[in-house]
Amino acid sequence: MNKNTGIIITLAAGIFWGFSGTCGQYIFDNFHIDATYLTSIRLLCGGVILCAIGFFREREKMTNIWKSRSSALLMIFFSLVGIMFCQLSYMKAISYTNSGTATILQYLGPALIMIVSCFLSRRLPSLREAIAVVLAILGIFFIATHGNLENMVINPLGLSWGLWSAVALAVYTMLPRPLIEKFGSIVVMGYGMLIGGIVLCLSCRIWNAPFDADAHFLLAFAAIVIFGTVLPFTIYMVGVKLCGPVKASMLASIEPVSATVFMVLWLGESFQLMDFVGFSLIFVTVFLLSKKDGEPAIEEAVK
């Protein structure tokens, strides 16, 4: 496979992620299932599938990760604070707003990563980084108020969960790097989803979930698991190898665009001009933070 193939499959991964978010919104709009229930089932199913792939391809690494106390503790911590909370907050944001808005709010994560990186490096942000943070704040302002300080147009809970999902995305991106370097992404993501799914299923008592699943629900849920977890994650990792992490992360940023397009065309949702202004500002933030003076500023470990 060549670089052009990497570009195509990385774009496909971003589109699939956007589509899966819209499938989540479809379920929330039509079946009124709580986001906690949906997230727990999604993580459990995705974890089982990825762990099965991991044992088939990298059986030794699947067992070695638990032989080190430090690796095991980090794996458990990442499963709960990284994966579980990231997916839960994202789905909560969708349930209170919509897939397009929730996805773009989550993409504030790179700005948070930059701030943390500056703090850990004990340096001030560069001009480009400072501009990116200002644009991110303006983006939130336009999405939340449409430019009117006296008018909150977004559900406050949706905004809150969206911002928490950005924090969780930053943790989700930065925390597992030592594990991924040593054991590989499929091992870490598989166990992360499995552990997060089991804990969330037990904590929310999934067996008491009050919903009736028909064929439409099952199709939408299958799309979330396949197109939101297994397929895009696998091809995204290939894209990273072919294109490099910086270019791959930029290409995958088509996710909020695809989520918005699917939401408008499929679910008939509409946005106002100020929404698109806010979306654009946050999207530019991701672009500005993707490189710093010709070098990667933020390298995504996993999506």
Would you be able to say whether some residue in region 115-124 is surrounded by fewer than 23 Cβ atoms within 10 Å (Cβ to Cβ), in contact (Cβ under 8 Å) with a residue 24 or more places away in the chain and part of a helix (DSSP H, G or I)?
yes
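Among the candidates Val225, Val188, which residue alone is out of contact with any Leu (no Cβ under 7 Å at 6 or more places or on another chain) and assigned to a helix (DSSP H, G or I)?
Within the list Val225, Val188, the selection yields Val225.
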Tell me the residue from Phe217, Phe227, Phe233 that is within 28 Å of Thr101 (Cβ to Cβ), modelled with pLDDT of 90 or more and surrounded by 16 or more Cβ atoms within 10 Å (Cβ to Cβ), please.
Phe217
Pick from region 236-278, criterion open to solvent by less than 50 Å² (accessible area, probe 1.4 Å) and assigned to a loop (DSSP other than H, G, I, E, B), ranking: nearest to Ile186 (Cα to Cα)
Gly244
Output for Cβ contacts, cut-off 6 Å, separation at least six or different chains, first residue among the small types (Gly, Ala, Ser) in region 270-282, second at pLDDT below 90 and surrounded by fewer than 16 Cβ atoms within 10 Å (Cβ to Cβ), reads none
List the residue pairs whose Cβ atoms are under 6 Å apart, where the first residue sits in region 54-83 and is under 21 Å from Ala170 (Cα atoms), the second is in a helix (DSSP H, G or I) and of a type in the set (Gly, Ala, Ser), and the two are 6 or more positions apart or on different chains.
Phe78/Gly192; Ser79/Gly192; Ser79/Gly196; Ile83/Gly192; Ile83/Gly196
Run down Ile154, Ile137, Ile143 and say which single residue is open to solvent by 70 Å² or more (accessible area, probe 1.4 Å) and either in a helix (DSSP H, G or I) or out of contact with any Pro (no Cβ under 8 Å at 6 or more places or on another chain) (or both).
Ile137
With respect to Leu38, determine if the residue is open to solvent by less than 30 Å² (accessible area, probe 1.4 Å) and more than 27 Å from Gly158 (Cβ to Cβ).
no
Name every residue in region 59-87 that is open to solvent by 10 Å² or more (accessible area, probe 1.4 Å) and either modelled with pLDDT under 90 or under 14 Å from Ser20 (Cα atoms) (or both), in order of residue number.
Gln87
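Test Ile7 against the stated conditions and say whether it is within 18 Å of Met189 (Cα to Cα) and surrounded by fewer than 19 Cβ atoms within 10 Å (Cβ to Cβ). Let's see the steps before the verdict.
On the way: within 18 Å of Met189 (Cα to Cα): no; surrounded by fewer than 19 Cβ atoms within 10 Å (Cβ to Cβ): yes.
In short, no.
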Assess whether Val188 counts as being within 17 Å of the chain's Cα centre (by Cα), within 28 Å of Ile104 (Cβ to Cβ) and open to solvent by less than 40 Å² (accessible area, probe 1.4 Å).
yes
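The values are calculated or read from the model by the stated rules, or taken from the named source; none is laboratory data. Fair warning: this is a prediction, and the values are worked out from it, not measured in the lab. Using ideal geometry, Cβ is built from the backbone for each residue, glycine included, and neighbour counts are taken over all protein chains shown. Just so you know, the surface numbers come from the protein's heavy atoms only, side chains and all, with ligands and any DNA or RNA stripped out. Shrake-Rupley method; radii C 1.70, N 1.55, O 1.52, S 1.80 Å.
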